Amino acid sequence: HSALRGTNSAAVASERGAAPDRSLTPGATRRVTAGDVCSLAHEEVVGEVSMSLRQEVFREYGIVTAHADDYEVDYLIAPGLGGVEEIHNLWPEPYTSRTWNAHVKDDLEEHLHQMVCAGKLDLPTAQRDIATDWIAAYKKYFHTDRPLSLHSDRV
């Protein structure tokens, strides 16, 4: 499967795999309220994806040999925004993309979580925006066409 099929962002075309294939990864959430997701810090609800589920994600995307350093099996809708650990909410996000990569998406997830918890953004809108096109959501909520920082201090 092409990681570009079904996307509308011209920026994605320049960096293969920066956004998920929407036919494989449309996003999936659990029933939560803003109060539920705000009761814990964003970082506290993000866990490691099981090895069997990681392997299933790679198979779905046609990646035969995946090196751990090349990809983060990432949540399209982060658990801190009500996302669930299941195949329709996960994709192999490359670390190798120079501009739109896992570190930049992590910054967006944290920013959206903070906005929801501050009452500046409703949870369904945050979920929809990140699931529809996370790069466009980044540009919208950070008011920029490029990531604010190409290097994150997160590990």
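How about region 123-135: which of its residues are part of a helix (DSSP H, G or I), open to solvent by 10 Å² or more (accessible area, probe 1.4 Å) and farther than 15 Å from A28 by Cβ?
Filtering region 123-135 for residues part of a helix (DSSP H, G or I) gives 123-132, 134-135.
Remaining after also requiring open to solvent by 10 Å² or more (accessible area, probe 1.4 Å): 123-125, 127-129, 131-132.
Listed by number, the residues that qualify are T125, D129.
With K120, K140 as the choices, which residue is surrounded by fewer than 13 Cβ atoms within 10 Å (Cβ to Cβ), in contact with a helix residue (DSSP H, G or I) (Cβ under 8 Å, 6 or more places away or on another chain), modelled with pLDDT of 95 or more and on the phi < 0 side of the Ramachandran plot? Write out each step before concluding.
Numbers: K120 fails: in contact with a helix residue (DSSP H, G or I) (Cβ under 8 Å, 6 or more places away or on another chain).
Result of the check over K120, K140: K140.
If a residue must be more than 23 Å from D122 (Cβ to Cβ) and among the aliphatic types (A, V, I, L, M), how many such residues does region 66-101 contain?
Going through region 66-101 one residue at a time, the tally reaches 5.
Residue under question is D145, and the condition is that it be more than 15 Å from the chain's Cα centre (by Cα), at pLDDT 95 or above and surrounded by fewer than 18 Cβ atoms within 10 Å (Cβ to Cβ); does it hold? Show your work before the answer.
On the way: more than 15 Å from the chain's Cα centre (by Cα): yes; at pLDDT 95 or above: no; surrounded by fewer than 18 Cβ atoms within 10 Å (Cβ to Cβ): yes.
So D145 fails the test.
Please give the number of the condition G82 fails out of (1) open to solvent by less than 10 Å² (accessible area, probe 1.4 Å); (2) at negative phi.
Tallying (1) open to solvent by less than 10 Å² (accessible area, probe 1.4 Å); (2) at negative phi, G82 fails exactly one: (2).
Working only within region 38-58, note down all residues that are in contact with a helix residue (DSSP H, G or I) (Cβ under 6 Å, 6 or more places away or on another chain) and at pLDDT below 80.
Result: H42, V45, V46.
Determine, yes or no, whether H113 is open to solvent by 20 Å² or more (accessible area, probe 1.4 Å) and in a helix (DSSP H, G or I). Walk me through it before giving the result.
Numbers: open to solvent by 20 Å² or more (accessible area, probe 1.4 Å): no; in a helix (DSSP H, G or I): yes.
For H113, the condition - open to solvent by 20 Å² or more (accessible area, probe 1.4 Å) and in a helix (DSSP H, G or I) - is not met.
What pairs can you find where one residue is in region 86-112 and free of Cβ contacts under 8 Å to residues at least 60 places away in the same chain and over 22 Å from Q55 (Cβ atoms), the other is of a type in the set (F, W, Y) and open to solvent by less than 10 Å² (accessible area, probe 1.4 Å), and their Cβ atoms are less than 6 Å apart, with a gap of 6+ or different chains?
Listed pairs, sorted by first residue: L108/Y138.
Quick check: is even one residue across region 94-102 touching a strand residue (DSSP E or B) at 6+ places or on another chain (Cβ under 8 Å) and modelled with pLDDT of 95 or more?
Residues of region 94-102 touching a strand residue (DSSP E or B) at 6+ places or on another chain (Cβ under 8 Å): 94-95, 101-102.
So of that shortlist, the ones also modelled with pLDDT of 95 or more come out as none.
No, there is no match, as no residue in region 94-102 is touching a strand residue (DSSP E or B) at 6+ places or on another chain (Cβ under 8 Å) and modelled with pLDDT of 95 or more.
Identify, please: which residue in region 51-67 is among the hydroxyl-bearing types (S, T, Y) and open to solvent by 50 Å² or more (accessible area, probe 1.4 Å) and is, among those, farthest from L24 (Cα to Cα)? Reasoning before the result, please.
From region 51-67, those among the hydroxyl-bearing types (S, T, Y) are 52, 61, 65; that's our starting set.
Cutting the leftovers down to open to solvent by 50 Å² or more (accessible area, probe 1.4 Å) gives us 52, 65.
Details: S52: 17, T65: 19 Å.
For region 51-67, the residue satisfying everything is T65.
The values are calculated or read from the model by the stated rules, or taken from the named source; none is laboratory data. If you're wondering where the values come from, they're calculated on a predicted model, not measured in any experiment. Glycine gets a Cβ as well: all are built from the backbone with ideal geometry, and neighbour counts include every protein chain shown. Please note that ligands, DNA and RNA were not included when accessible areas were found on the heavy atoms of the full protein model with its side chains. Shrake-Rupley method; radii C 1.70, N 1.55, O 1.52, S 1.80 Å.
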